[in-house]
Each structure stands twice: as structure tokens, then as C-alpha cells.
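Worksheet: one structure, shown below.
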Amino acid sequence: MCECNHTHCHNFCPIDVAKGLCRLSGNLIMIDTPVCENYNEKPRCEHCRHYCDKTSPAQCLGFGKPYWVDASTNAGLCDAFTRR
């Protein structure tokens, strides 16, 4: 599994590859700093029951035919997403 950082939080709005804004506090946040108590994890492919990492590359099995997918892909708008 991926290590949690601010890019995995619903409250994080990226500015560039190194920093972003917290939508709750309005503070500027460096991506690699520890997450806060308001951390709210976005759904990612690795959290879905259709995610299969037994193959290389990993696959999504939720759409009838397998698709290559990365574990950290945002699954917030995926119709097939079902949390494990």
C-alpha cells in the first residue's frame, strides 16, 4: 500500500508538485509533511475490491475486461469502485 500523504486527502488542493492548500484551514502545506487530525482519505484503486495486484501491471477487474491501473489512482468518480 502507498504511504499516506496530503495528496491522498479530500481537503488538499495541489498548487504544484511540492505543495498545496488545505481547504479547511487555508494553510499552505508541503506534501511530505505529516498529515493532520482532519485527514480524510480519498478513495484510491488500492482500496477497491476490484483492484488486483497479482499481475504486473496491476489491473482493475470491475469493468468486465481487465484494465491496467496504478494503486494510487484516484477512484472518487469510478462507477465500479467498491471499498474493500
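The values are calculated or read from the model by the stated rules, or taken from the named source; none is laboratory data. Being a predicted model, the structure only gives us computed values, none of them experimental. In this analysis, Cβ positions are derived from the backbone assuming ideal geometry, glycine residues included, and neighbour counts consider all displayed protein chains. Accessible surface areas use protein heavy atoms only, side chains included; no ligands, DNA or RNA. Shrake-Rupley method; radii C 1.70, N 1.55, O 1.52, S 1.80 Å.
Could you pull out every one of the lysines with an alpha carbon less than 22 Å from that of LYS54, ignoring same-chain neighbours closer than 8 positions?
LYS54 reaches LYS65.
Excluding ligands and nucleic acids, what accessible area in Å² is computed for ASP32 using a 1.4 Å probe, to the nearest 10?
Approximately 130 Å² for this residue.
Going through region 44-84, which chymotrypsin sites (Phe, Trp or Tyr not before Pro) have at most 12 other Cβ atoms within 10 Å and a DSSP loop state? Write out the running numbers ahead of the final one.
Values: sites: TYR51, PHE63, TYR67, TRP68, PHE81; in loops: PHE63, PHE81.
Of the chymotrypsin sites (Phe, Trp or Tyr not before Pro), the ones in loops of region 44-84 whose Cβ has at most 12 other Cβ atoms within 10 Å are PHE63.
So which GluC sites (Glu not before Pro) in the chain are both in a DSSP loop and have at most 10 other Cβ atoms within 10 Å of their Cβ? Write out the running numbers ahead of the final one.
Values: sites: GLU3, GLU37, GLU41, GLU46; in loops: GLU3, GLU37.
In loop regions of the chain (DSSP not H, G, I, E or B), the sparsely surrounded GluC sites (Glu not before Pro) are GLU3, GLU37.
Under a straight-distance cross-link criterion of Cα-Cα below 23 Å, which lysines are reachable from LYS19, leaving out those fewer than 8 residues away in the same chain?
LYS42
Under 8 Å for C-alpha pairs, at least 6 residues apart: give me the relative contact order for the chain, rounded to a whole percent.
Normalised by residue count, the contact order of the chain is 25 percent.
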